[in-house]
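Visitor: I am attaching a structure below and will ask some questions about it afterwards.
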Amino acid sequence: MILVLLGPPGAGKGTQAQRIQESRGLTHLSTGDMLRAAVASGSGLGGKVKGIMEAGHLVPDDVIVEMIVDRLAEHGSEGGVILDGFPRTTAQARALEKTLSQRGLKLDRVIQIAVDTDTMVQRIAGRFACEDCGAGYHDTNQPTKAAGVCDNCGGIRFLRRPDDNPKAVRARFEAYEAQTAPLLPYYRSQGLLRGVDGMRTIDDVTAEIEKALDAA
Ligand code: AP5
């Protein structure tokens, strides 16, 4: 299964992708995580995208498409993939179709996770992740079981994202509205889009996504 998760910043794409990956045995590919890894490694790509990401703007299509095409080739998309944060523009959506068709594959389902703006801001403001394994948490919505200790790996160092500040969040939301939201009618017209209510609990959203996938 080739699955795309669409939604504004803080909708829960990463949280849900982690869960669906486990339940369905799919490979989770997050363009945001790939770009953050490039920045952390100090690579040429990282240097190129660091300022763009911190400002909350979209990285140019050619950079993203090259990165994801390489990653799909490396992982072999045949076993199934969840794409989290890609595509984000119509040009990226077309590039995805092309690369899948070259492999004899096609997109099976696009899940839109919908949330309101206040919720989006609250979720982003409280988000943090384990520095060692990347497991994601939230100060109030999804805290670690033991204070200051990662549930997943026992790590004690945590990070907050540099683009999780009010100015960058506003820019990210504007980028979503202007450049990514047009993908909703695009995928609806192809019969691929299913909407889920991202305002519900994390477990409820997972259940709704699973249901949408079973109905596929
Ligand atoms: P990216 O990393 O993709 O960021 P984003 O789209 O802004 O999404 P987020 O990661 O902020 O949110 P999410 O929906 O994954 O929410 P999460 O599950 O963490 O991209 C970052 C940047 O990289 C972009 O701005 C751009 O510069 C660049 N980029 C990436 N891809 C690109 C592309 N294709 N083209 C161009 N540029 C690109 O949840 C948020 C918090 O809420 C967590 O703390 C979680 O615990 C909590 N939470 C989640 N669900 C629930 C729930 N149901 N109830 C309560 N709390 C919840």
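Visitor: If T119 passes every condition in (1) free of Cβ contacts under 8 Å to residues at least 60 places away in the same chain; (2) β-branched (V, I, T); (3) out of contact with any Phe, Trp or Tyr (no Cβ under 9 Å at 6 or more places or on another chain) but one, which one does it miss?
Guide: Status for T119: all satisfied but (1).
Visitor: Here is a further query. May I ask you to list the residues in segment 153-173 that are open to solvent by 50 Å² or more (accessible area, probe 1.4 Å) and either at pLDDT 95 or above or part of a strand (DSSP E or B) (or both)?
Guide: Listed by number, the residues that qualify are C153, I156, R157, F158, L159.
Visitor: Also: Of all residues in segment 185-216, which are away from the ligand (no atom under 14 Å from the Cβ) and open to solvent by less than 20 Å² (accessible area, probe 1.4 Å)?
Guide: Y187, A212, L213
Visitor: With the structure loaded, tell me whether L26 is farther than 25 Å from D197 by Cβ and either open to solvent by less than 40 Å² (accessible area, probe 1.4 Å) or hydrophobic (A, V, I, L, M, F, W, C) (or both) or whether it fails that test. Write out each step before concluding.
Guide: Details: farther than 25 Å from D197 by Cβ: no; either open to solvent by less than 40 Å² (accessible area, probe 1.4 Å) or hydrophobic (A, V, I, L, M, F, W, C) (or both): yes.
No: the conditions fail for L26.
Visitor: If you check every pair at least six apart or on different chains, which have Cβ atoms under 8 Å apart with a residue in segment 90-114 that is closer than 30 Å to R200 by Cβ and open to solvent by 30 Å² or more (accessible area, probe 1.4 Å) first and a residue that is more than 16 Å from the ligand (Cβ to nearest atom) and of a type in the set (G, A, S) second?
Guide: Listed by first residue and then by second, the contacts come to D108/A216.
Visitor: Filtering segment 123-172 down to residues that are within 17 Å of the chain's Cα centre (by Cα) and of a type in the set (D, E), which residue is nearest to D203 (Cα to Cα)?
Guide: Checking each candidate, the answer is D164.
Visitor: Considering every residue within segment 166-186, establish whether at least one is farther than 20 Å from S30 by Cα, out of contact with any Gly (no Cβ under 7 Å at 6 or more places or on another chain) and of a type in the set (S, T, Y).
Guide: Scanning segment 166-186, I find at least one residue that is farther than 20 Å from S30 by Cα, out of contact with any Gly (no Cβ under 7 Å at 6 or more places or on another chain) and of a type in the set (S, T, Y), so the answer is yes.
Visitor: Now a separate question. Provide a single number: the residues in segment 40-67 that are open to solvent by 50 Å² or more (accessible area, probe 1.4 Å) and touching a residue at least 60 places away in the same chain (Cβ under 8 Å).
Guide: Number satisfying all stated conditions: 2.
Visitor: Can you pull out every residue in segment 122-152 that is buried (at least 16 other Cβ atoms within 10 Å of the Cβ) and in a strand (DSSP E or B)?
Guide: Correct list: R127, F128, A129, C130, Y137, H138, Q142.
Visitor: Could you list, in sequence order, all residues of segment 20-39 that are touching a residue at least 60 places away in the same chain (Cβ under 8 Å) and more than 10 Å from the ligand (Cβ to nearest atom)? Break it down into steps so the answer makes sense when it comes.
Guide: Quick first cut of segment 20-39, residues touching a residue at least 60 places away in the same chain (Cβ under 8 Å) only: 20-21, 23-24, 33, 36.
Residues satisfying the conditions are I20, Q21, S23, R24.
Visitor: Quick one: which of R103, R88 is modelled with pLDDT of 95 or more and either more than 18 Å from F173 (Cα to Cα) or not β-branched (V, I, T) (or both)? Break it down into steps so the answer makes sense when it comes.
Guide: Details: R103 fails: modelled with pLDDT of 95 or more.
Criteria check complete, one pass: R88.
Yes or no, residue by residue, for (1) out of contact with any strand residue (DSSP E or B) (no Cβ under 6 Å at 6 or more places or on another chain); (2) more than 22 Å from R19 (Cβ to Cβ); (3) near the ligand (Cβ under 8 Å from one of its atoms); (4) of a type in the set (S, T, N, Q):
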{"residue": "L72", "(1), (2), (3), (4)": "yes, no, no, no"}
{"residue": "T99", "(1), (2), (3), (4)": "yes, yes, no, yes"}
{"residue": "R109", "(1), (2), (3), (4)": "no, no, no, no"}
{"residue": "H138", "(1), (2), (3), (4)": "no, no, yes, no"}
{"residue": "K145", "(1), (2), (3), (4)": "yes, no, no, no"}
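The values are calculated or read from the model by the stated rules, or taken from the named source; none is laboratory data. What you see is a predicted model; the values in this text were computed from it and never measured. Methodologically, a virtual Cβ is constructed for each residue, glycine included, from the backbone with ideal geometry; neighbour enumeration extends over all protein chains shown. Just the protein is used for accessible areas: all its heavy atoms, side chains included, with ligands, DNA and RNA removed. Shrake-Rupley method; radii C 1.70, N 1.55, O 1.52, S 1.80 Å.
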